[in-house]
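Undergrad: One structure, as structure tokens, below. Some questions next.
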Amino acid sequence: MPPSTRDLEHDAATRSSDDPLRADYDVVVVGNGPVGKVVAAHLGARGHRVLVVERAESPYPLPRAVTHCSDVARILQSVGLAPDTIPHITEPYDAMYVWTNGVGETLVEVDWSGLGESGWYNTYFFDQPSLEQALDEVMAAGPRVEVVRGAEMTALDDRPDAVTVTIRRGGEDVEVRAEFVVGADGAHSTVRDLIDAGWHDDGYAYDWLVVDVEPGAGASFPSGATQRCDTDRPSTMVPGGPGRRRWEFMRLPGEDADTLNTPESAWELLAPWGPTPENASLVRHSVYTFQACWAERWRRGRAAVAGDAAHLMPPFAGQGLGAGLRDALNLTWKLDAVLRGIASPDLLDSYTSERRHHARAFVDFSVSLGKVICITDPDEAAERDRRLRAEHRAGDRPRPPRPGLGPGLHVGEHGGTLSRQGRGRIDGETGRFDDVLDGPGALILRRAEGVPELSTRDLEDLAALRVTVVALSGDRTAAAIDEVTVIDDVDGTYTAWLDELAADVVLVRPDFHIYGTGTGDDAGALVRGFLTGVRTGPCVRVGSSNV
């Protein structure tokens, strides 16, 4: 069960163009793509009134993103869409991502197999329209979220106590008041422009034709994820979610994009791989410009940007959508804390510093892959092939990077890195940690006897932030406080993790990331440090080079 469905008002609605809007909301979300939906679902689930403003009259019917990784699966789990509950939408990929050259020699095998830290497979492929429909159903099932389509946000007036948002629909302007605005409105973000966030273009740009296919009955196409580093035409083939396949073909120098973006060109390029009009259906074809860009500032005052409004990256690492959903989780727990009066608005400064660093790591990694893939010069490609073949023969099997957060609300060697998720048992109920504890936030100790004494205010704020005090063993009646949950570490995940951390205690934030670790008597200091950072805001320099 998602942690959001307890004790909440069931009044979600999608408004027609004739429905009047309320005069005030807690948060206005601009953009109803996956990032905006997750922002709205989490905030609505926490009892905040949310308005989602979407320019399009109806949902976008075609797939765009097709892959995500383990921690994104955990984010989907947090809104009740764990991958094993939606097998018609998403499927795990437990294999290598193989790169070959034009003659079929293996250059690189990226290890996408196995389970990640978050307790889910490292890689999934999914159908985005189906996922968005499921997210719509989550929003409509109980959170206090209203969605208005066919409307645009055209202006915002940011003041110390609130922000006034101008929304245009049906040729008329309506003003609503909100505590905060989140711009999840894509690469051409209006919110980003209105808050003068700046936009850094790294100068990397290539056009690719993206083609999605549904195989017909009995059709058999190559399986797996493959990158063909062919100077004649760099190409990609990956799953596209259950029952679908995706191909991507680079536009060559001098080639006309409009000519490339036709059904005839798509079928011609697909033919060597097996799909034909007789054995497959062409779901879509579209030319996209793969870019590397990011906003210089992700928040100003009471407005922030997330997802493609904050960053763009080439798709070679499959991290674009994941980066946006990580933005959503980082931002929403902090907005919730501010709206509840627990946190200073200065806590939101850490959103930019933590997430921009993390997203840029994936932008840079994606560009580095693109610089290997998008080579069309034969001599340069020959040198690349010699180098990569030698590394492959030496046994190099790279895994996707695991960057930590940038400077912000975390301390120590392990602060800002992802926490683990294993299985736990409480009172006979066994399940994944986040589900049995009703959320990921936790102060985890080896033994109940190590739980520190905490003030009433600290306990209340931890509970409001959904940070549970957890012990892996011991007698809860011997603990310094009553508010401790003793959980059976079913698979030994957490005991082994504490051993790896050389720690007796770890404090996990509500967004799965570690605040800090400690030994012995450090638990109380960790809680006080974390709550002080929440209440006053961590010391981060938003404009400095280290973020």
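Undergrad: Amide H of residue 67 versus every other amide H placed in the peptide plane: which residues, excluding those fewer than 5 positions away on the same chain, fall under 5 Å?
TA: Correct list: 126.
Undergrad: Next up: For the chain, what does the accessible surface come to per residue with a 1.4 Å probe? Please give it in Å².
TA: 40 Å²
Undergrad: Given just the C-alpha atoms of the chain, how large is their convex hull per residue in cubic angstrom? Don't skip to the answer; put the middle values down first.
TA: Details: hull volume 88.3 nm³, N = 547.
Looking at the chain, the number lands at 161 Å³ per residue.
Undergrad: For the full complex of protein chains and a 1.4 angstrom probe, list 414, 311 by accessible area with the highest value first. Each step should come with its number before you reach the end.
TA: Working: 414 40, 311 5 Å².
So, going from the largest accessible area down, we get 414, 311.
Undergrad: Then there is this: Quick one: which residues, 5 or more positions from residue 342 or on another chain, have an amide H under 5 Å from its amide H? H modelled 1.01 Å from N in the peptide plane, none for Pro or chain starts.
TA: none
Undergrad: Run the dipole for segment 150-217 about the Cα centre, Lys and Arg Cβ at +1, Asp and Glu Cβ at -1, nothing else charged, and hand back the magnitude in debye, nearest 20.
TA: Numbers: 5 positive and 16 negative charges, 36 e Å.
About 180 debye.
Undergrad: A further question follows. Peptides 347-360, 265-278, 60-73: what's the order by average Cβ count within 10 Å, highest mean first?
TA: Values: 347-360: 23.8, 265-278: 15.4, 60-73: 20.8.
Ranked by mean Cβ neighbours within 10 Å, highest first: 347-360, 60-73, 265-278.
Undergrad: Quick one: with all protein chains in place, what share of the accessible area of the chain is carbon or sulfur, to the nearest percent (1.4 Å probe)?
TA: Working: 10070 of 21700 Å².
Carbon and sulfur atoms account for 46 percent of the accessible area of the chain.
Undergrad: Would you tally the net charge around residue 490, using a Cβ to Cβ cut-off of less than 15 Å, leaving residue 490 out, and scoring K and R as +1, D and E as -1? Numbers along the way, then the final one.
TA: Details: positive: 420, 423, 425, 432; negative: 427, 429, 434, 435, 488, 489, 491.
So the environment of residue 490 carries a net charge of -3.
Undergrad: Please compute the length gained on full extension between residue 217 and residue 158, using 0.36 nm multiplied by the number of residues separating them and subtracting their Cα-Cα distance. Mind dumping the intermediate values first?
TA: Values: separation 59, 0.36 × 59 = 21.24 nm, distance 5.59 nm.
Answer, rounded to one decimal: 15.7 nm.
Undergrad: Using only the alpha carbon atoms of segment 389-509, find the Kirkwood hydrodynamic radius as the inverse mean reciprocal pair distance, in angstroms to one decimal. Let's see the in-between values first.
TA: Details: mean 1/r = 0.0626 Å⁻¹.
Result for segment 389-509, one decimal place: 16.0 Å.
Undergrad: How high is the relative contact order of the chain, in percent, with contacts defined as C-alpha pairs under 8 Å that are six or more residues apart?
TA: On the way: 1244 pairs, mean separation 81.9, N = 547.
Relative contact order for the chain comes out at 15 percent.
Undergrad: What does the helix-only formula give at 222 nm for the chain: each DSSP H stretch with n ≥ 4 adding -39500 (n - 2.57), the total divided by the residues, and the result rounded to the nearest 500 deg cm²/dmol? Provide the component values of the computation, followed by the final result.
TA: Details: 13 runs with 148 residues, N = 547.
My calculation for the chain gives -8500 deg cm²/dmol from helical runs alone.
Undergrad: Moving on. Can you tell me the Rg and Dmax of segment 412-456, counting just the alpha carbons, in angstroms?
TA: 12.8, 35
Undergrad: If you plug each phi of segment 403-420 into the Karplus form 6.51 cos²θ - 1.76 cosθ + 1.60 with θ = phi - 60°, what whole-Hz ³J(HN,Hα) values come out, in order, with x for Gly and Pro?
TA: x, x, 5, x, x, x, 8, 6, 9, x, 4, 9, x, x, 9, 5, 7, 8
Undergrad: Starting from segment 170-262, pick out the GluC sites (Glu not before Pro) whose DSSP state is loop and whose Cβ has at most 16 other Cβ atoms within 10 Å. All intermediate terms of the calculation are to be shown ahead of the outcome.
TA: Numbers: sites: 172, 175, 179, 248, 255; in loops: 255.
Answer by residue number: 255.
Undergrad: Running Debye on segment 391-439 with equal point scatterers at the Cα sites and no solvent, what base-10 log of I(q)/I(0) appears at q = 0.18, 0.29, 0.33 Å⁻¹?
TA: Results for segment 391-439 at q = 0.18, 0.29, 0.33 Å⁻¹ read -0.79, -1.00, -1.13.
Undergrad: Right, next: Averaging sequence separations of C-alpha pairs under 8 Å and six or more residues apart, then dividing by the length of segment 377-443, give the relative contact order as a whole percent. All intermediate terms of the calculation are to be shown ahead of the outcome.
TA: Numbers: 31 pairs, mean separation 9.4, N = 67.
Answer for segment 377-443 is 14 percent.
Undergrad: How big, on average over all directions, is the shadow cast by the Cα convex hull of segment 96-246, in nm²?
TA: Numbers: hull surface 61.4 nm².
One quarter of the hull surface, i.e. the mean projection, equals 15.4 nm².
Undergrad: In terms of modelled amide H atoms, which long-range or inter-chain residues lie less than 5 Å from the amide H of residue 108?
TA: Result for residue 108 returns 99.
Undergrad: Further question on the same structure: Put 159, 326, 389 in order of accessible area, largest first, 1.4 Å probe: what do you get?
TA: Values: 159 130, 326 15, 389 65 Å².
Ranked from most to least accessible, the order is 159, 389, 326.
The values are calculated or read from the model by the stated rules, or taken from the named source; none is laboratory data. If you're wondering where the values come from, they're calculated on a predicted model, not measured in any experiment. Using ideal geometry, Cβ is built from the backbone for each residue, glycine included, and neighbour counts are taken over all protein chains shown. SASA here: full protein model, heavy atoms, side chains in, ligands and nucleic acids out. Shrake-Rupley method; radii C 1.70, N 1.55, O 1.52, S 1.80 Å.
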